[in-house]
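S.K.: Structure below; questions to follow.
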Amino acid sequence: MRKKFFMTSLILIIASACSSNFSEKIDIYDDMKRIAAEADSYSYRDKAEIREAGYVSVSFSDFCGKETLFHIRGDESYFLQLTMESSINRGNFKICLVDPEGNVETLLENKKSNIADIRMKKGEYKIVIAGINSSGYVKIIERFIDVQ
């Protein structure tokens, strides 16, 4: 009897911890401070990623939370051009830019494609994806253009 009570209690504790962690990841989507935060918090059921210099392609299912895909060193001598393409089959998904002051700009949200030209400042930028139970794929290409 005691062993059964212990096992039931253990299962309930684990289940509540997992659901609390999952709920925390869902809350990130609309919280710009947490999107800008240094630490990532995310989960995928499945994920396949291809990375090359200035390029990332990610296919995923059941993505929840936020993940930083790129860290970029900013300099006033160029623009950053981001070409983004996505196909989201379900859930909510967005790509955000975090500037050196921690300001968050949503570059693409639940749509197929966008090209963003960003005038860089000195400091570190981040390209972050955020999602709630989203499945699909995303491709991002970064290109630097000299300021004339």
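Here, each number is a calculation from the coordinates, and none is a lab measurement. It should be emphasised that the depicted structure is a prediction, and the values quoted were computed from it without experimental measurement. Glycine gets a Cβ as well: all are built from the backbone with ideal geometry, and neighbour counts include every protein chain shown.
S.K.: For the pairs Lys111/Lys139; Lys47/Lys139; Lys47/Lys111; Lys25/Lys139; Lys33/Lys122, flag any whose C-alpha to C-alpha distance is greater than 18 Å.
M.R.: With Cα atoms farther than 18 Å apart: Lys47/Lys111; Lys25/Lys139; Lys33/Lys122.
S.K.: Mind listing which trypsin sites (Lys or Arg not before Pro) in segment 19-98 are in a DSSP loop and have 12 or fewer other Cβ atoms within 10 Å?
M.R.: Loop-located and lightly packed - Arg45.
S.K.: Next up: Mind pulling up the Rg/Rh value for segment 50-136? Radius of gyration and Kirkwood radius, both on Cα.
M.R.: For segment 50-136, the value is 0.97.
S.K.: Go through segment 74-148 and name the GluC sites (Glu not before Pro) that are in a DSSP coil and have 11 or fewer other Cβ atoms within 10 Å of their Cβ.
M.R.: Within segment 74-148, the qualifying GluC sites (Glu not before Pro) (loop, at most 11 other Cβ atoms within 10 Å) are Glu76, Glu101.
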